[in-house]
Amino acid sequence: MHKSAQSLVAASLVFCAAAGLTAPLSAQANDAAALDSLRVALKKYQDPVAAIRDGYFSTLGCVTIAQAGGPGEMPYKPGSMGVHFLNMQMVSATPDPAHPPVLLYEPQGDKLVLVGAEWFVPLMTGVKQRPSLLGHPLQGPMAGHEPLMSADMSHYDLHVWLFKENPAGMFEPTNTNVKCTGYSYTFTEHPPKLVAEPKP
């Protein structure tokens, strides 16, 4: 091959490699920026009273998962999810990345401390395919989390631990760093069963 042709091929390979790296890195940067914006937007809800004023209401129980999910169940790892504050006005078949319907709080002494957020998409909204947010597909669909939720509340969801590190990963549903210890309304739940995907 002529030297000029070799140079052209080499340059093309470098360009393609760079282009291949740039796309995911750019997407990661966008997702990181979105997470930073979300932290800023949700900071006011570090006061749970502010969350209630804006339409979030506590489901009371601090949810913990004692054992890993088995066949036909959500593949949860042992850990906790904390106390869920739900805003039904934000529940939709098309979740808004800037407005999570659920806020996650950890009981710490006599306070509730904001540790994360969750997008919750019930199948009854008419969702036809698995939603994705921040580069992550929502998990499920799964049955409702008994006893705090009816089992027939089949849904997708996605947790994001914005304010407390999760050793298993920011988007894992359970967090071993979140504790329900000493909280009066602690519910130890079993991983919910997986349900059929909705038909498009």
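Please treat every number below as a calculation from the coordinates, not as lab data. These figures come from a predicted structure and were not determined experimentally. All Cβ positions, glycine included, derive from the backbone under ideal geometry; neighbour counts span all protein chains shown.
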Please work out if PRO122 is surrounded by 14 or more Cβ atoms within 10 Å (Cβ to Cβ) and over 27 Å from THR181 (Cβ atoms).
yes
Filtering segment 144-178 down to residues that are over 13 Å from SER80 (Cβ atoms) and not hydrophobic (A, V, I, L, M, F, W, C) yields GLY144, GLU146, PRO147, SER150, ASP152, SER154, HIS155, TYR156, ASP157, GLU165, GLY169
Fill in: Test result for VAL115, closer than 20 Å to GLU197 by Cα and buried (at least 22 other Cβ atoms within 10 Å of the Cβ)
no
A careful count of residues in segment 156-186 that are surrounded by 17 or more Cβ atoms within 10 Å (Cβ to Cβ) and either in contact with a Ser or Thr (Cβ under 9 Å, 6 or more places away or on another chain) or of a type in the set (A, V, I, L, M) (or both) gives 10
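Quick grid of which residues meet (1) among the aliphatic types (A, V, I, L, M); (2) over 17 Å from GLY144 (Cα atoms); (3) in a loop (DSSP other than H, G, I, E, B):
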| position | (1), (2), (3) |
| --- | --- |
| THR59 | no, no, no |
| CYS62 | no, no, no |
| TYR76 | no, no, yes |
| GLN89 | no, yes, no |
